[in-house]
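To start, the structure itself, in structure tokens.
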Amino acid sequence: MLEVLLVRHGQTQWNKERRIMGNLPVPLDAVGRGQSEALARFLKKIPINVCYTSPAVRAVETAKLITHGRRIPIINAWEVLEIDYGEWVGKRFDEVTNQPAYRLYHATPKKSRPPKGESMLQVRRRCVAFIERLRKRHRKGRVMVVSHADIIKTILTYCLGLDLNDLQRFRIDNG
């Protein structure tokens, strides 16, 4: 049987500021590095065959800190890259919460798309394709995937047989 560990990257300054990062190269802050190191200690004796990570700087940093000192290959996986939030990138959440597209994103993710960004249906397609490739490539063992909150939520809705509109039923904290 295959076991998949889904890990959200550690905290960044932009997480603290409630700012939308998208795929900007925002690094972990001191708290995020500490979260990643704590997770490394927690997982220290747990065998992990491979780590797939979003290519975003904060996810790669998290993956490297978790796997430090272990012989776990790290593979960049664009399929679990953060959502392209289009025009929302760089803004604080409180700057976009009144926009109709943002309200739709929370009420009915299946129908949502940030202005000039990626739709949640596009996100779901790439996440499902990634998980199905993982299942074929790794029939057994343990795989870690370091990614982002909404990507992890999307994977969870798929694996649990939930509708994409159930996305907001999950909370995925940093680290």
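The values are calculated or read from the model by the stated rules, or taken from the named source; none is laboratory data. Every value quoted in this text rests on a predicted model; they were computed, and no experiment measured them. Because the Cβ atoms are built from the backbone with ideal geometry, glycine has one as well, and the counts that use them run over all protein chains shown. Calculation scope for accessible area: heavy atoms of the full protein, side chains included, ligands and nucleic acids excluded. Shrake-Rupley method; radii C 1.70, N 1.55, O 1.52, S 1.80 Å.
Are any residues in the range 132-152 open to solvent by 10 Å² or more (accessible area, probe 1.4 Å) and at negative phi, and if so, which ones?
So in the range 132-152, the residues open to solvent by 10 Å² or more (accessible area, probe 1.4 Å) come out as 132-133, 135-142, 149-150.
Residues satisfying the conditions are Glu132, Arg133, Arg135, Lys136, Arg137, His138, Arg139, Lys140, Arg142, Ala149, Asp150.
Please state which one of Arg18, Arg41, Arg58, Arg33 is free of Cβ contacts under 8 Å to residues at least 12 places away in the same chain and of a type outside the set (S, T, N, Q).
Numbers: Arg18 fails: free of Cβ contacts under 8 Å to residues at least 12 places away in the same chain; Arg58 fails: free of Cβ contacts under 8 Å to residues at least 12 places away in the same chain; Arg33 fails: free of Cβ contacts under 8 Å to residues at least 12 places away in the same chain.
That would be Arg41, the only listed residue that is free of Cβ contacts under 8 Å to residues at least 12 places away in the same chain and of a type outside the set (S, T, N, Q).
Considering only residues that are assigned to a loop (DSSP other than H, G, I, E, B) and either over 17 Å from Leu65 (Cβ atoms) or in contact with a strand residue (DSSP E or B) (Cβ under 7 Å, 6 or more places away or on another chain) (or both), which ones fall in the range 12-44?
Going residue by residue through the range 12-44, those that are assigned to a loop (DSSP other than H, G, I, E, B) are 17-18, 20-27, 29, 44.
If the condition is that a residue be assigned to a loop (DSSP other than H, G, I, E, B) and either over 17 Å from Leu65 (Cβ atoms) or in contact with a strand residue (DSSP E or B) (Cβ under 7 Å, 6 or more places away or on another chain) (or both), then Glu17, Arg18, Ile20, Met21, Gly22, Asn23, Leu24, Val26, Pro27, Asp29 are the ones that fit.
Outside any helix (DSSP H, G or I), open to solvent by 30 Å² or more (accessible area, probe 1.4 Å) and farther than 17 Å from Ile83 by Cβ, is that true of Pro47? Walk me through how you get there before you give the answer.
Working: outside any helix (DSSP H, G or I): yes; open to solvent by 30 Å² or more (accessible area, probe 1.4 Å): yes; farther than 17 Å from Ile83 by Cβ: yes.
Yes: the conditions hold for Pro47.
Please state which one of Ile75, Ile83, Ile155 is hydrophobic (A, V, I, L, M, F, W, C), within 30 Å of Ala30 (Cβ to Cβ) and open to solvent by 10 Å² or more (accessible area, probe 1.4 Å).
Working: Ile83 fails: open to solvent by 10 Å² or more (accessible area, probe 1.4 Å); Ile155 fails: open to solvent by 10 Å² or more (accessible area, probe 1.4 Å).
Criteria check complete, one pass: Ile75.
Condition check ((1) outside any loop (DSSP other than H, G, I, E, B); (2) closer than 17 Å to Glu82 by Cβ; (3) at pLDDT below 95; (4) touching a Cys at 6+ places or on another chain (Cβ under 6 Å)) across all residues:
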residue: Glu132; (1), (2), (3), (4): yes, no, no, no
residue: Lys136; (1), (2), (3), (4): yes, no, no, no
residue: Met144; (1), (2), (3), (4): yes, no, no, yes
residue: Asp150; (1), (2), (3), (4): yes, yes, no, no
residue: Thr154; (1), (2), (3), (4): yes, yes, no, yes
residue: Tyr158; (1), (2), (3), (4): yes, no, no, no
residue: Leu162; (1), (2), (3), (4): no, no, no, no
residue: Asn165; (1), (2), (3), (4): yes, no, no, no
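Determine which single condition Ala101 fails, assuming it passes every other condition in (1) aliphatic (A, V, I, L, M); (2) touching a Lys or Arg at 6+ places or on another chain (Cβ under 8 Å); (3) in contact (Cβ under 8 Å) with a residue 40 or more places away in the chain; (4) open to solvent by less than 70 Å² (accessible area, probe 1.4 Å).
(3)
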